[in-house]
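The structure appears right after this line, and notes come after that.
The values are calculated or read from the model by the stated rules, or taken from the named source; none is laboratory data. Just so it is clear, the model here is predicted, and its values are computed rather than measured. Note: ideal-geometry Cβ built from the backbone for every residue, glycine included; neighbour counts use all protein chains shown.
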Amino acid sequence: MKLGLRGAERLRLVVIYSLCAIVLIWALAPIYWVFVSSISTRKELYARPYKIWFPSQPTFESYQTIFTQGAKFRAGGFSPTADLMGAGLRNSIVISVGAAGIVTLLATGAGYAFARMRFPGRNLIFLLIMFMLPLPIWVSLIALFFLMSQLELIDTLLGLILIFVTLLLPLAVWMMTTFVRDIPAEIQDAARVDGANRWRLVYSIILPLARPGMVAVFLVAMLSTWNNFLIPLIFTRTNDSQPLTIVLTLFIGQYEVAWEDMSAAAVVTMLPPFIMALFFQRYLVRGLTMGAVK
Amino acid sequence: MNRRINSDSLYVVIVLAPIVLLIALFIYYPALDTFGQSLTNRNLRIRRPPKPVGAENYLKLVNDDEFWEVTGRSFQVVIMTLPLEMVVAFSIAMLLNQRFPGRGLVRTLAILPWMLPGVVNGFLWGWLLNGEYGALNGLLYQFGLISEYQVWLRAPEHQIFWVTVVQTWTRYAFPTIILLAGLQSIPDDLFDAAKVDGANAFGRVRFITFPLLLPSFGIALVVEFIAAFQIFDVVWTLTAGSSAGGSINPFTKTLMLYNYELVFRDLRVGLGAALSYLILLMSLAVGMIFVLRVYNQGVQEA
């Protein structure tokens, strides 16, 4: 009887792990393949029929190529790929860290105000921010393009950061408001009796306690900005401000033949989100599904 | 006391002013402005001051074959994607709801695609499906399932099919997480009681799991409807064609791509603005229908 149970349990685990293997192949095979492509030599990668599922001599040559010898694939009067990749990486980092930092600060200050203070217009302002969530942003983007042209913010990092901060605000404000609301009110009341003003209170009491919420907001904002394509597609023109998601599509358009190099560019583009997803998934999932489950 | 009130209002003004300013200037003012432009014949290709034309742009779209073709395609993508996504998500959620060593790691890896940029996902699959050197051809050929390499993305109906597969691959993690949370909130007692009453595994899923999961399905369907209806990034790199200013592949042109083309390629701003409001109306309407349908059903069956 005991042996039978153990046998049944073993069978259950065999079935479960087999199913897990199928799920993981479905989820990871395309990622694995692009990584293999990026470290293969062209000769092996272009073999027909293809039979090598890991390169016999892994090489990082493609990575070196896309960052240093861009001109090798240059077809017309466009920027060399070396400039594109380097600038793209810089732009992606600047806009995603910049937008995430600013939106985290704004949302923390506002989150405290919405969670703990009463003031005229509080509900109206909160509603106006939250109403953006179901509103497809496309209706705003068309006229925003002409507004940004007038403000001379097209093709600038500042313009992109401002747009991303605005688009991220509803989620960030909501996350911080619920987070501050969950901090016990007694802690703040004690400080209020001691005569601390709001700034002191937020700075020395709320900030340390709200840190996990701020980390979640920062990570979600950074990931969304890094992954975004539509906004830079509309609001950028040159490698002064084009992030990696745009650069990748330029590679595809202009250098149709070099799949190993394009794969390397794709790996560079998805590496930061990939790493964030592996190590900070708890924060990201909580932020990205917030509202749906709450 | 007075000083505190002043310091409080100062705090509120300072933290909320930038937010209100940004949202008013970047979201609400442009949204109104877009609506205003949708009532003009503004076209940047033609050098003339735009004139008000009333609802002409809207009528032009509604009487245009391309508009209906593109709208139909967007709904086709939605109708093909949602069932596929829900089946994949429900299966994975059921699996991850089991207790086994290593579940956390499997969960982390299983929802990775969702966290990657959509344009990268489109590229990944475009390369995977490549007719000359793609891995899918290599794999199927190696196992003897095809006798020669196929160009998977050639026929228009195949292109749409693969768009839905890639959209599913990009998005299935979200419904999986929602359904998993729903599954974990069903008390075990219910299943134990059903077991005692002699219900088999299929019956338990049919009569306990499904009805109790309906609200979770409802949320997942609404969010995924909006995601599939507004599909853009994935199509752009998978099948839209050259991005260096060329024309957009008509066979996978969905509403968002059509709108981008009208405004930023053809520069027909008035017409594009009208289309953006039609898209807004359609998203809201269908979103509402979904919500009401699924929730009513949930209320009746539960």
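Here are the numbers:
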{"quantity": "Criterion (surrounded by fewer than 15 Cβ atoms within 10 Å (Cβ to Cβ), closer than 22 Å to B:Tyr277 by Cα and within 9 Å of chain A (Cβ to nearest Cβ)) met by exactly one of B:Leu44, B:Leu10, B:Leu32, B:Leu25", "calculated": "B:Leu32"}
{"quantity": "Neighbours by Cβ (under 6 Å, 6+ apart or cross-chain): first from the stretch B:141-158, closer than 30 Å to B:Trp236 by Cβ; second modelled with pLDDT of 85 or more and among the hydrophobic types (A, V, I, L, M, F, W, C)", "calculated": "B:Ile146/B:Leu140; B:Trp152/B:Leu129; B:Leu153/B:Leu129; B:Pro156/B:Phe251"}
{"quantity": "Extreme residue, surrounded by the most Cβ atoms within 10 Å (Cβ to Cβ), among residues of the stretch B:106-131 that are more than 7 Å from chain A (Cβ to nearest Cβ) and within 11 Å of B:Thr237 (Cα to Cα)", "calculated": "B:Gly122"}
{"quantity": "Pick from the stretch A:220-251, criterion of a type in the set (Phe, Trp, Tyr) and under 23 Å from A:Phe280 (Cβ atoms), ranking: farthest from the other protein chains (Cβ to nearest Cβ)", "calculated": "A:Trp226"}
{"quantity": "Residue, nearest to the other protein chains (Cβ to nearest Cβ), within the stretch A:169-200, restricted to residues that are without any contact (Cβ under 8 Å) to a residue 24 or more places away in the chain, part of a helix (DSSP H, G or I) and of a type in the set (A, V, I, L, M, F, W, C)", "calculated": "A:Trp199"}
{"quantity": "Cross-chain or 6+ apart pairs with Cβ under 7 Å, the stretch A:130-141 first and more than 7 Å from chain B (Cβ to nearest Cβ), then part of a helix (DSSP H, G or I)", "calculated": "A:Met130/A:Pro170; A:Met130/A:Trp174; A:Leu133/A:Pro170; A:Ile137/A:Leu167; A:Leu141/A:Ile234"}
{"quantity": "Checklist (1) closer than 23 Å to A:Ile137 by Cβ; (2) assigned to a helix (DSSP H, G or I) applied to B:Val13, failing item", "calculated": "(1)"}
{"quantity": "Which numbered condition B:Gln98 fails, given (1) touching a helix residue (DSSP H, G or I) at 6+ places or on another chain (Cβ under 6 Å); (2) at pLDDT 95 or above", "calculated": "(2)"}
{"quantity": "Scope the stretch A:92-129; condition facing chain B (nearest Cβ under 8 Å) and either touching a Phe, Trp or Tyr at 6+ places or on another chain (Cβ under 7 Å) or not in a loop (DSSP other than H, G, I, E, B) (or both); matching residues", "calculated": "A:Leu106, A:Gly109, A:Ala110, A:Tyr112, A:Ala113, A:Ile125, A:Leu128, A:Ile129"}
{"quantity": "Helices (runs of 4 or more DSSP H) contained entirely in the stretch B:20-128, each with at least 2 residues that are aliphatic (A, V, I, L, M) and closer than 30 Å to A:Leu271 by Cβ", "calculated": "B:65-96, B:103-110, B:118-128"}
